[in-house]
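Read the structure below first, then the notes.
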Amino acid sequence: MTRKNVLITLAIVLIAAGVVAANLYYRRTTGITVTTDVIRTRDLEAIVSASGKIQPKRLVNISADTPGRVVDLAVNEGDRVKQGQFLLQIDPRSLRTRVDSGTASFQTAQMLLDQMRQAIETARVQVQQARQTLTRQQDLWSKQLTTRETLEKATNDVKAAESALQEREHAAEAQASRIEQERAGLENARYDLSKVRIESPIEGIVTRRNIQAGETAVVGTMNNAGTVLLTLADMSVIQAEVEVDETNIPTVQFGQKATITIDALPDRSFAGHVTEIGNSPIQAATGAGNTTQATNFKVVVVLDEEVPDVRPGFTATADIVTATRKHVVAVPIPAVAVRELIYDASGKIVKEPPKDKRRAPAVTPAVIVELQPGQTRKETEGVFVLRNGRAEFVPITVGIAGDRFFEVLSGLKDGDQVITGPYNSVRGMADGDEVKVEAPET
């Protein structure tokens, strides 16, 4: 074989090898490595989680109704008390003096009234005698047996006696009114004296004691709240007062079930239900005294079971079940993405022609496709479904959100294989991208 033939043969071999290499290059798998999940039906629960404090449903602040020094204090903070149990006593000496003085004044006023009533009886007798004398004088005058002066004197005596009777009756009425005042003052003093002994109005725990024996209790006024001596809590019914974000409040309803966890009692949870939903946002004061815009609302969740060793103020978290779904199509939350799609005048999606990314230049400038008449762009929620080695963006309609899955109302069916990750890959993925499924670890 001549040198020329050898070179020709070598050139043909090299060209064939290049064709084969190019074919293999363009046929090789260059897709993005992804993870997938198969769609199936699940049971879902939509949960609103909020934190707050444990509080008793019934909390009573014990204050003094009468001022004075505390002379006997029978309870300490943390003690359990029964209804009617003695708690403390305020010095009764000044109030007892008031009662004794009021009693004496009332008795004196009563004796004076008795004397006035006796004087009224005497005045009535005098009126009767004067009238009888006048009658006799009138009879004598008719017979011309008495003088006019005597008759006029008898008439004036009747008027004077009647006036004296009326005066004494009015004085007796005034004295009776004063007696009622004395009686009211005495009853008030006795009531104040009864308030120096303070007993428990409920059965519960002494959660706070703000006074010591020997200190003076101050009565509250319009501008002064007074001294809160003790705070009692009925821990038989407790509740979690939590703050729910404004975006979740519309889904919270009365009676919804909840699970409460208490930080001080780890590894345990307690059942409860929603009993109160605030209508006004919680106002948070700033250091300058102004209020910031509040975005949380107070929600009260009553625990349905007793919690041993719980105390007011414990930090708690309530997971409120706002919706439940049984046997619904569900998609993993990381698989859901948002893409801008083009819709025609009838509301149908306009698919862009697939691009050959293998022949694209190294740097592709961003090109905005010009819309045709009647077309619009709209951000659409959907997932990437694995079909024939490529990622196909499928719009979906979601319902409630569970802990890890969205309810799918339309767009997917049981058995579809959706791309769930990695996150950065899903975030930058486009419709029609080649993908390869990551092999599961063995």
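Report the gain in length on full extension from Ala430 to Arg190: 0.36 nm times residue separation, minus Cα-Cα distance, nm rounded to one decimal.
Length gained between Ala430 and Arg190: 77.7 nm.
Compute the Rg to Rh ratio over segment 42-128 from the alpha carbon atoms, using the Kirkwood formula for Rh, and round to two decimal places.
1.48
Between segment 76-121 and segment 165-244, how far is it from one alpha carbon centroid to the other, in angstrom?
Segment 76-121 and segment 165-244 have Cα centres separated by 14 Å.
Highest first, please rank the peptides 427-436, 87-96 by the mean number of other Cβ atoms sitting within 10 Å of their residues.
In descending order of packing, they fall as 87-96, 427-436.
Would you calculate the separation in nanometres between label points at Asp79 and Ser94, each defined as 7 Å from the Cα along the Cα-to-beta-carbon direction?
It works out to 2.5 nm between the two label points.
List the lysines whose alpha-carbon lies under 21 Å from that of Lys53, not counting same-chain residues fewer than 8 positions away?
Lys257, Lys298
Treat segment 364-424 as a sphere of radius equal to its Kirkwood radius over Cα pairs and apply Stokes-Einstein at 37 °C in a medium of 0.692 mPa s; give the translational diffusion coefficient in µm²/s, rounded to a whole number.
So the translational diffusion coefficient is about 230 µm²/s.
Would you kindly state how much longer the chain becomes between Asp65 and Asn388 on full extension, computed as 0.36 nm times their sequence separation minus their alpha carbon distance, in nm to one decimal?
Taking Asp65 through Asn388 to full extension adds about 107.9 nm, to one decimal.
Around Thr322, which amide H atoms from residues at least 5 apart in sequence, or from another chain, sit under 5 Å from its own amide H, with H modelled in the peptide plane?
Hits under the 5 Å cutoff: Ala46, Ile47, Val48.
List the residues, sorted by chain then number, that are 5 or more residues from Ile202 or on another chain and whose placed amide H is less than 5 Å from its amide H.
Sorted by chain and number, the residues that satisfy this are Gly84.
Just how far, in whole angstrom, is segment 374-442 from segment 305-323 if you go by their alpha carbon centroids?
38 Å
Taking the square root of 5 times each eigenvalue of the Cα gyration tensor, what semi-axes in Å does the equivalent ellipsoid of segment 146-245 have, largest first?
68, 16, 13
FYI, it's all coordinate maths here, none of it is from the lab. This structure is a prediction, so every number in the text was calculated from the model and none was measured. Note that each Cβ is placed from the backbone with ideal geometry, even for glycine, and that neighbours are counted across all protein chains shown.
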